[in-house]
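The values are calculated or read from the model by the stated rules, or taken from the named source; none is laboratory data. Predicted, not measured: the structure shown is a model, and the values here were computed from it. Ideal geometry is used to build each Cβ from the backbone, glycine not excepted, and the neighbour counts take in all protein chains shown. Remember, those area values only see protein heavy atoms, side chains included, never the ligands or the DNA or RNA. Shrake-Rupley method; radii C 1.70, N 1.55, O 1.52, S 1.80 Å.
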Amino acid sequence: MKGLKIFGITLCLLFTVKAFGVNTELWEVKEFTKCKLNNIMLDGNGSASIAPAIKELWKNPELYIWSIIKSGNTIYVGTGGKGKVYKINTSNNSGTELALLDTTQAGVFSLVEKNGIIYAGTSPDGIIYQIDKTGKSRIFAQTKEKYIWKMVFDNEGNLYAATGVTGNILKISKSGKVDTFYITPEKNVTFLNYVNNYFYAGTGENGYLFKINKQGKGVCILDANEKEIKAVVSLDTLLLVAATEDSASSVYCIYKDNKVERLWSISAPIRGLEWIAKDKSMLVAAGKRLYKVTLTGTAIVSNEFPANISCIKDNFVCTSEMGKLYSVSNDFAEEGTIESDTYDTDGISEWGKLDFSAGKPIKFLTRSGNLNTPEKTWSEWEAVGEKGAINSPNARFIQWKAKLRNDNTKLTGVKIAYLPQNRKPEILSLKVTPKIGRDNIRKIIWSTRDANNDSLMFELYFKLTGEQKWSLLKAELRDTFYSIDPLVFPDGKYEFKIICSDILSNPKTKELKNEKISLPELIDNTAPEIKNIRVEGNNLLFSTIDELNYIKSCEYTVDGGDWTILFPTDKIFDSKEEAFSVDIGTARKVVIRAKDSFDNTGLKSKVLR
């Protein structure tokens, strides 16, 4: 009996209820944490509702935005590709841009502002530029480093830069003089912050976090499991630390007594962490999503973006690969969509009805196809009928999309019923074993496979090679073997046929069969014949012959003595007829025993003199 089976797939948590044969099956999505979201947020249970609205403010001519700072209604971003700094006015909620600096460097990975003056750290030449209030720029410091990953000011107005590939922290005076402030054992210092007269420096190879005083004396307070420290936020009683790598990230708590606790983890790279005081929660950017994470580790998905997030500042989000700046509103979006992954029914299926749990009407659409990735051969999106009827054509794969509105609707589950195509059972092998034991029993053994996991029934037939008509040997077999006694079969070459049916799991109208015929198999119950026994001088001469098989062995005994093995005159047992010659001296009586390859034994005796 098939019970409840649970299958985890890449993009949705699924529960598939299996029944006998081709009975109706269910694809059920009970939480949506890995579905594709547009203006949709997910609560801690994975239920979906309308999210705060996001708006695209500005599109970068380059593909990447690596850094962002905010001053009033103005956003400054540092880009990749050509290493430019843009000033974007967001007061009219539209994003008016002004290119402030073209560094000719590959990227601006760090921006910081002090008294209205912008400082831009670039790579690969490690140059720090200064942009004054009028937009005029100049080189502020030549660090002789390759990367400027992060910059921060102390209370006295000195600038500190986290660098690579030497892993040094540089101190840069107001006049631009560069000194080495702290040397880490790593190649890259990827994060730097200054809080309460201490610097917090995170590295990018082994995930170390150092706490360094103003005198340049430091201690490592965290050795994270991840490779890179991405962000540090200081609260009254603890530090929140984001550590990341490509496929795994964590947020750690470091308490005043230096105890460390992993608060939250995710299988995506973290690109930003901020504290939202009014919500008493963290805003974490990971992959394409913004998460709100409480100090108890409870997380919700607050927004999803079209591309991976590269950096965040307050309610502004930058993405890489598409190089765009977005704003996140305090108001909810008017509508949003949630799109499932493609679901594989393992064969062509007929669609039943779509059902959902929400408490209010929701518009659903479906599409289907026979390739696992939706492309031009798939059907178009089609609306689901009022009573849940799916209008997409029968196919192997299906996908659904739900459209939610800003009406307090919360989607908690979606079910699709489908009837899989009944597929013919397969017979993988069919063979006949040699004789087993003293009773010379032989077994006919077969192996099968059924894509629907149906229970199978078998019929076994036989015939002599060359005959046209098959004879039934056994019907209604459930096992995948059958024992035969060769003695009830006349000598000859036989073929065996197995017919496999899935009738036990399907109605008669949907029954499917398959069959397989064995290779010709010899049945030989007749012993070799021993002929022409004679004596010439002292030599015993005779021959053996078998109608169907090679002679396997021969022995003789004279005058009641022990059995002696005898080889044919050509030294090899390799034919159905063999000749023998042996010197037996003056022996009077001989007994000869010969076996064929089926162990049929012939015996003959003769008085010679």
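Show me the three semi-axes of the equivalent ellipsoid for the chain, from the C-alpha gyration tensor (sqrt of 5 times each eigenvalue), largest first, rounded to whole Å.
Values: eigenvalues 1358, 265, 76 Å².
So the equivalent ellipsoid measures 82, 36, 20 Å along its semi-axes.
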Discussion item. Taking 8 Å as the Cα distance limit and 6 or more residues as the minimum spacing, I'd like the relative contact order of the chain as a percentage.
Written reply: 10 percent
Item to complete: Could you run the Karplus curve 6.51 cos²θ - 1.76 cosθ + 1.60 with θ = phi - 60° over region 108-122 and give me ³J(HN,Hα) per residue in whole Hz, x for Gly and Pro?
Response: 9, 8, 9, 10, 8, 10, 9, 6, x, 9, 9, 10, 10, x, 10
Response to the item:
Subtracting the Cα-Cα distance of Ile572 and Glu156 from 0.36 nm times their residue separation yields 139.4 nm
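Any idea what % of Cα-Cα pairs in region 549-609 are farther than 19 Å?
Values: 527 of 1830 pairs.
That fraction is 29 percent.
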Discussion item. Below 8 Å between Cα atoms, with a sequence gap of 6+, how large is the relative contact order for region 257-317 in percent?
Written reply: 27 percent
Worksheet item: Looking at region 571-602, which trypsin sites (Lys or Arg not before Pro) are in a loop (DSSP not H, G, I, E or B) and have at most 13 other Cβ atoms within 10 Å?
Response: Lys571, Arg588
Item to complete: State in Å² the accessible area per residue of region 309-415; use a 1.4 Å probe, count heavy atoms of protein chains only, and round to the nearest integer.
Response: 49 Å²
Worksheet item: Alpha carbon centre of region 210-244 versus region 257-315: separation in Å?
Response: 17 Å
Worksheet entry | Calculated FRET efficiency for the pair Lys410/Ala307, C-beta based, R₀ 25 Å, to 0.05 | 0.40
Practice prompt. Could you pull out the GluC sites (Glu not before Pro) across region 288-360 that fall in loop regions by DSSP (anything but H, G, I, E, B) with no more than 16 other Cβ atoms inside 10 Å?
Written response: Glu321, Glu334
Practice prompt. Cross-chain or 8 or more residues apart, Cα under 15 Å: how many lysine pairs in region 517-609 fit that? Count them up, please.
Written response: 11
Item to complete: Starting from the amide H of Lys34, placed 1.01 Å from N in the peptide plane, find each other amide H under 5 Å away whose residue is 5 or more places distant or on another chain.
Response: Leu13
Practice prompt. Check each of the chymotrypsin sites (Phe, Trp or Tyr not before Pro) in region 481-580 and keep only those in coil by DSSP with at most 12 other C-beta atoms within 10 angstrom; list them in order.
Written response: Trp563
Worksheet item: Say a paramagnetic label sat at a point 7 Å from the Cα of Ser71, along Cα to Cβ; which residues of region 111-132 have their backbone N under 16 Å from it?
Response: 111-121, 129-132
Discussion item. Give me the percent relative contact order of region 323-443, please, defined on Cα pairs under 8 angstrom at least 6 residues apart.
Written reply: 34 percent
Item to complete: Using a 1.4 angstrom probe, figure out how much accessible area region 452-609 has per residue, in square angstrom, rounded to the nearest whole.
Response: 57 Å²
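At a 1.4 Å probe, what is the % contribution of carbon and sulfur to the accessible area of the chain? List each step's numbers first, then the result.
Numbers: 14410 of 30090 Å².
Here it works out to 48 percent.
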Worksheet item: What are the ³J(HN,Hα) values, in whole Hz, obtained from phi via the Karplus relation 6.51 cos²θ - 1.76 cosθ + 1.60 with θ = phi - 60°, for each residue of region 338-351 in sequence order, with x given for Gly and Pro?
Response: 10, 10, 6, 6, 6, 10, 9, 8, 6, x, 4, 10, 8, 8
Discussion item. What lysines does Lys510 reach when the alpha-carbon gap must be under 16 Å and sequence neighbours fewer than 8 apart in one chain are set aside?
Written reply: Lys424
Fill in: Spin-label model distance (nm) - Val165 vs Glu205, 7 Å beyond Cα toward Cβ
1.1 nm
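Report the full-extension gain for the segment Glu536 to Ser329: residue separation times 0.36 nm, less the Cα-Cα distance, to one decimal in nm. Before the final figure, lay out each step's value.
Working: separation 207, 0.36 × 207 = 74.52 nm, distance 11.61 nm.
Between Glu536 and Ser329, full extension yields an extra 62.9 nm.
Assuming R0 = 22 Å, what is the FRET efficiency of Lys82 and Gln142, from their Cβ-Cβ distance, to the nearest 0.05?
Details: r = 20 Å, r/R0 = 0.90.
That pair, Lys82 with Gln142, gives E of 0.65.
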Worksheet, complete the sentence: Amide H proximity to Gly413 below 5 Å, modelled H, separation 5+ or other chain, gives Ser357
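Grab the beta carbon distance between Trp381 and Ala579, set R0 = 60 Å, and tell me the FRET efficiency rounded to 0.05.
Values: r = 84 Å, r/R0 = 1.40.
For R0 = 60 Å, the calculated efficiency reads 0.10.
Let me check something: with ligands and nucleic acids excluded, how do Lys59, Lys443, Lys84 order by accessible area (1.4 Å probe), largest to smallest? All intermediate terms of the calculation are to be shown ahead of the outcome.
Numbers: Lys59 125, Lys443 70, Lys84 45 Å².
Largest accessible area first, the residues go Lys59, Lys443, Lys84.
A 18 angstrom limit on the alpha carbon distance is what I want to check against. Which of Lys288/Lys360; Lys36/Lys280; Lys211/Lys256; Lys171/Lys214; Lys30/Lys55 exceed it? Walk me through the numbers on the way to the answer.
Numbers: Lys288/Lys360 29 Å; Lys36/Lys280 27 Å; Lys211/Lys256 12 Å; Lys171/Lys214 11 Å; Lys30/Lys55 29 Å.
Those over the limit are Lys288/Lys360; Lys36/Lys280; Lys30/Lys55.
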Worksheet item: Measuring from label point to label point, each 7 Å out along Cα→Cβ, what is the Leu235 to Asn197 span in nm?
Response: 2.5 nm
Worksheet item: What list of ³J(HN,Hα) values in whole Hz, one per residue of region 570-576 in order, does the Karplus curve 6.51 cos²θ - 1.76 cosθ + 1.60 (θ = phi - 60°) give from phi, with Gly and Pro shown as x?
Response: 8, 6, 10, 7, 9, 8, 7
Worksheet entry | Radius of gyration, Dmax [region 493-609; alpha carbons; angstrom] | 23.2, 80
